[in-house]
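> The structure that follows is given in the form of structure tokens.
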Amino acid sequence: MQVLQVQIAVQADPAEVGRARRWTRSRLSGCGFGPDTSLSEALVLVVSELVTNAVVHTGTPAVLRLQFPVGPDAGRHPVRVEVADASDQPPRPRHAPGEATNGRGLELVENLCDDWGWYPDGSGKRVWCEIKPQPLGSDEPLLGCAAVLTLEPLLVS
């Protein structure tokens, strides 16, 4: 399998999260993913959450990396997002109570992605996740029923 890998440095500034989202949309478009597809929307949200965790919770710059499968069998392989930062502290999923306005980032990542995790990387860490593209012509939602029920209380009307 061939992979197209692109990356961007992100400064330790919350304003960089918006820049990371715009950059991700641009890369998705450049790789042929429509902006309104479930995969694109999920990837932009995941990038937003992981970059936020890196720059806000660690206070350090980060590197955002996207890996797109290419070639004839690309649709059978996941798109991978990685965010590396200089903190050696592992990500800690939290379960925010009721109306709390934060603390749900890794819960969203877990529910939107097929797989995710982290590992030490030099003196810091790398948090990664993967989302498999849906088959062409599939009307099936990106999230299964269990994930929708888990996320339903988090949705804003």
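Derivation of every value follows stated rules applied to the coordinates shown; laboratory data play no part. On a predicted model such as this, the values are computed, not experimentally measured, just so you know. Note that we place each Cβ from the backbone using ideal geometry, even for glycine, and neighbour counts take in every protein chain shown.
> At 0.36 nm per residue, and after removing the present C-alpha to C-alpha distance, how many nm does the segment from Arg22 to Val3 gain when stretched out fully?
4.7 nm
> What's the extension gain from Ser29 to Asp73 if we count 0.36 nm per residue and subtract their Cα-Cα distance? Kindly include the intermediate steps, with their values, before the conclusion.
Numbers: separation 44, 0.36 × 44 = 15.84 nm, distance 1.92 nm.
Value of the extension gain: 13.9 nm.
> Could I ask something else about it? How much net charge surrounds Pro69 when only other residues with a Cβ under 12 Å from its Cβ are counted (Lys, Arg +1; Asp, Glu -1)?
On the way: positive: Arg76, Arg80, Lys132; negative: Asp73, Glu130.
Here the charged neighbours net out to +1.
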